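Worksheet: one structure, shown below.
What follows is calculated from the coordinates using simple rules that are stated; it is not laboratory data. Bear in mind the structure is a predicted one, so any value in this text is a computation, not a measurement.
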């Protein structure tokens, strides 16, 4: 039996803040969402040093900083003046929109 696709409230491009771990309090933008693992990659957060061998695509080798994945439960979305908040949904006229749980405005 095939599993149903996972529905996540966070999307690529959302501004988030880290709630736990070594980078607690850092803000960044989601660059990639991995729904099957329930993970997100946030730009500039949870960096790890990786040794890169020179290849045809990357001419130069060396030690690079790589953004590593974070569990979705460790980040919270940031909305304008509200600060960190949760995501809610409103259906109007057959259209589903994401809204801020604190102020009710669109995300």
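For the stretch 47-107, take the alpha-carbon Rg, divide it by the Kirkwood Rh, and send me Rg/Rh. Spell out each step's value before the answer.
Details: Rg = 19.8 Å, Rh = 15.2 Å.
Rg divided by Rh gives 1.30.
Please work out, to two decimal places, the log10 of the ratio I(q)/I(0) at q = 0.16, 0.18 Å⁻¹ from a Debye calculation in which every Cα of the chain carries one identical scatterer.
The Debye formula, applied to the Cα set alone, gives -0.80, -0.93.
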